[in-house]
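Notes follow once the structure below has been shown.
Laboratory data are not the source of any read-out in this text; all were calculated from the coordinates shown. These numbers were taken from a predicted model, which means no experiment stands behind them. Neighbour counts run over all protein chains shown; Cβ positions are idealised from the backbone, glycine included.
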Amino acid sequence: MDLIKEHPILDFQHGKKVKFFFDGKAMEGFEGEPIAAALHSNGVVIYRETPEMKRPRGFFCAIGKCSSCFMVVDGVPNVRTCVTALTEGMRVETQRGKGLVPALS
């Protein structure tokens, strides 16, 4: 993971290292950090695809006010990953379109 480890003013506190899954691939991050931060440190830059134009979107505002970081998290679509904390075993998926959950049969 590529993280800032030292800063002249800020003190970085990280939770314990945990495993999570992105599109089925195992990755590591720190418990409690935003999902988007864990993805970024693992080299993931595309989080979703827009519904109509199929354009890629990724990390943008970092404060939960836009829709660029919407992803499917543990089966729930439209999760703002910039403000949602990472937990052990979390399953994060690239969101395509509006992220509608398929109807149960």
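Please verify whether SER41 is under 13 Å from the mean Cα position of the chain (by Cα) and free of Cβ contacts under 8 Å to residues at least 24 places away in the same chain, treating the condition exactly as stated. Against the criterion (under 13 Å from the mean Cα position of the chain (by Cα) and free of Cβ contacts under 8 Å to residues at least 24 places away in the same chain), SER41 does not qualify. For the stretch 1-42, filtered to residues that are among the β-branched types (Val, Ile, Thr) and out of contact with any strand residue (DSSP E or B) (no Cβ under 7 Å at 6 or more places or on another chain), the residue that is farthest from PHE59 (Cα to Cα) is ILE9. Hey, among the residues in the stretch 80-90 that are over 16 Å from ALA26 (Cβ atoms) and in contact (Cβ under 8 Å) with a residue 40 or more places away in the chain, which one's surrounded by the most Cβ atoms within 10 Å (Cβ to Cβ)? If we take residues in the stretch 80-90 being over 16 Å from ALA26 (Cβ atoms) and in contact (Cβ under 8 Å) with a residue 40 or more places away in the chain, then THR81 is surrounded by the most Cβ atoms within 10 Å (Cβ to Cβ).
In the set HIS7, HIS14, only one residue is surrounded by fewer than 11 Cβ atoms within 10 Å (Cβ to Cβ) and either closer than 27 Å to LEU100 by Cβ or free of Cβ contacts under 8 Å to residues at least 40 places away in the same chain (or both); that residue is HIS7.
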